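K.L.:
Supplied in structure tokens, the structure appears directly below.
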Amino acid sequence: MVKLRLQRFGTHKKPFYRIVAADARKTRDGRYLEIVGVYEPTKQPAFVEIDNELAKKWLHAGAQPTDTVRSLLKKAGVIDEFLSEKNSK
């Protein structure tokens with residue numbers, strides 16, 4: 001099973017994250033299949049950059065986003081696009 005989840009980088013108290021498609025059995029910072037975006041919560045306002053096409057590709061393939069990634073995808077509008085494409089078929 002593939003999950004869309006956060007992969008932590010950065011130093012102590014200065015994290016930034018990659019949004020990656022990864023095998024659910026791998027560790028949080030382990031191997032991943034593809035980088036979908038970047039999330040930097042320490043910037044004001046928080047910086048989020050998501051490749052919408054890659055995210056939708058993985059969602060169509062059955063990838064399950066974690067709760068945090070799902071909220072980031074909703075804010076970026078990816079979930080709405082995915083659901084409208086899914087319902088129009």
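Each reported figure results from applying straightforward, stated rules to the coordinates on display, with no laboratory input. Because the structure is predicted, anything quoted here is derived from the model rather than measured. Every residue, glycine among them, receives a Cβ derived from its backbone with ideal geometry; neighbour counts consider all protein chains shown.
K.L.:
Give Lys57, Lys75 a once-over and let me know the one that is out of contact with any Ser or Thr (no Cβ under 8 Å at 6 or more places or on another chain), under 16 Å from Leu4 (Cα atoms), assigned to a helix (DSSP H, G or I) and without any contact (Cβ under 8 Å) to a residue 24 or more places away in the chain.
P.N.:
The unique qualifying residue is Lys57.
K.L.:
Looking at (1) within 16 Å of Val69 (Cβ to Cβ); (2) free of Cβ contacts under 8 Å to residues at least 40 places away in the same chain; (3) surrounded by fewer than 17 Cβ atoms within 10 Å (Cβ to Cβ), can you tell me which one Met1 breaks?
P.N.:
Result: Met1 passes all but (2).
K.L.:
Would you call Lys75 surrounded by 11 or more Cβ atoms within 10 Å (Cβ to Cβ), charged (D, E, K, R) and touching an Asp or Glu at 6+ places or on another chain (Cβ under 8 Å)?
P.N.:
No, not satisfied.
K.L.:
Another question about this same structure. Within segment 14-50, work out how many residues are in contact with an Asp or Glu (Cβ under 9 Å, 6 or more places away or on another chain), outside any strand (DSSP E or B) and surrounded by fewer than 17 Cβ atoms within 10 Å (Cβ to Cβ).
P.N.:
So the count comes out to 4.
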